[in-house]
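This report refers to the structure that appears directly beneath it.
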Amino acid sequence: MFVKIMAEFLSTALMIIFGVGVHCDTVLNGTKYHGSGHLFAITTWSFGISVCLFIFGGGICMNPAMTLAQCILGLVPWSLFIPYIVAEMLGGFAGAVISWFMYADAFKVSEGKVDPIAIRNIFSTNPVINDKPRSFFVEAIDTFVFITGILSIAHYGGDNLLMVAIGVGLLVWAIGMGMGGMTGFAMNQARDLGPRMAYQVLPIANKADNNWSYGLTVPGIAPFVGAALAALFVHSFLGFF
């Protein structure tokens with residue numbers, strides 16, 4: 001059990017190092033890839049998740065919403081539900097802190113030169129248009145497609161880790177490009193709330209409001225809704241698991 005919980009912590013931390021790291025690259029001054037844009041960022045998220053699966057195995061969750069779906073389907077015992085979520089959230093926090101430390105010099109030279117909202121959004125997902133009910137719907141649908149896609153890839157890929165890891169990476173890339181423009185496609189509480197907590201406590205100058213009212217409701221709750229619906233759809237309609 002300890003190894004599984006540690007794998008959730010380490011894999012989630014590595015995912016966030018890739019993800020928060022690429023946003024540091026594109027947003028902050030003093031980096032080699034400043035201004036590279038959303039395609040650069042989404043591609044890095046996608047490849048980074050594939051790398052995490054290569055290292056830690058195709059059964060890793062890295063996501064409280066995925067943990068819920070797997071518990072509903074009987075793939076993960078309910079006794080591990082809370083331990084997994086705690087490990088994933090701590091992994092998200094730790095990965096964001098490591099990313100901040102790696103780019104600390106870039107944060108320093110960006111003080112007063114980069115919009116504080118843009119710096120906050122390095123760590124967490126926030127909408128451009130403040131329509132919370134629609135954002136909730138978007139995150140739930142994004143997560144439904146995400147979890148359904150992963151479970152389908154796992155069903156057909158089986159023990160072929162290469163197929164599973166690459167397939168999940170392509171899935172993330174497609175969702176990010178086609179469905180992620182309104183909310184930033186969190187689909188994962190550890191991806192959003194873990195780094196959001198890190199932003200809250202890190203010594204970053206001129207901080208913007210952390211938008212907790214959005215974070216706790218949209219990326220905090222909607223992924224659970226999408227994941228539960230995905231588990232029911234995969235089992236009852238697709239006949240998997």
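The values are calculated or read from the model by the stated rules, or taken from the named source; none is laboratory data. Keep in mind the model is a prediction, meaning the values are calculated, not measured. For neighbour counting, all protein chains shown are included, and Cβ atoms are generated from backbone atoms with ideal geometry for every residue, glycine included. For accessibility, only protein heavy atoms count, side chains too; no ligands or nucleic acids. Shrake-Rupley method; radii C 1.70, N 1.55, O 1.52, S 1.80 Å.
What FRET efficiency would be calculated for the residue pair residue 29, residue 131, taking the C-beta separation as r and a Förster radius of 30 Å, to the nearest 0.05?
0.45
Just name one of 164, 136, 178: the one whose Cα is farthest towards the positive end of the charge dipole of region 106-191 (beta-carbon charges, Lys/Arg +1, Asp/Glu -1).
Positive-most Cα among the choices belongs to 136.
In degrees from 0 to 90, rounded to the nearest 10, what is the angle of the helix 81-102 Cα long axis to the longest principal axis of the chain?
Here the helix axis deviates by roughly 30 degrees.
So, in Å, what gap is there between the alpha-carbon centers of region 62-76 and region 27-59?
24 Å
Straight distance only, please: which lysines reach the Cα of residue 108 with their own Cα at less than 22 Å, same-chain residues fewer than 8 apart left out?
Hits, sequence-local ones excluded: 32, 207.
Over the chain, average the accessible area per residue using a 1.4 Å probe and give it in Å², no decimals.
For the chain, the solvent-accessible area averages 45 Å² per residue.
What are the ³J(HN,Hα) couplings of region 232-240, residue after residue, when phi is run through the Karplus curve with 6.51, -1.76, 1.60 and θ = phi - 60°? Round to Hz, x for glycine and proline.
After applying 6.51 cos²θ - 1.76 cosθ + 1.60, I find 5, 5, 4, 6, 7, 9, 7, x, 8 Hz.
Shape call for region 46-140 from the C-alpha gyration tensor, a ≥ b ≥ c root eigenvalues: rounded (a/c under 1.5), prolate (a/b greater than b/c) or oblate?
oblate
By how many nm would the segment from residue 118 to residue 6 lengthen if fully extended, with 0.36 nm per residue of separation less the alpha-carbon distance?
37.1 nm
Per the 1.4 Å probe, what fraction of the accessible area of region 31-162, in percent, lies on carbon and sulfur atoms?
Ligands and nucleic acids excluded, carbon and sulfur reach 68 percent.
In region 182-211, which residues have a backbone nitrogen under 11 Å from the label point lying 7 Å from residue 104's Cα in the Cα-to-Cβ direction?
So the set is 203.
Determine the calculated [θ] at 222 nm for the chain from helices alone, applying -39500 (n - 2.57) to every DSSP H run no shorter than 4 residues and normalising by the residue count; nearest 500 deg cm²/dmol.
The helix-only estimate for the chain comes to -24000 deg cm²/dmol at 222 nm.
Can you compute the modelled spin-label distance between residue 156 and residue 236, with each label point 7 Å from Cα toward Cβ, in nm?
2.4 nm
Dipole size in debye (nearest 20) for region 1-148 around its Cα centre, Lys and Arg Cβ +1, Asp and Glu Cβ -1?
Numbers: 7 positive and 9 negative charges, 12 e Å.
Dipole size: approximately 60 debye.
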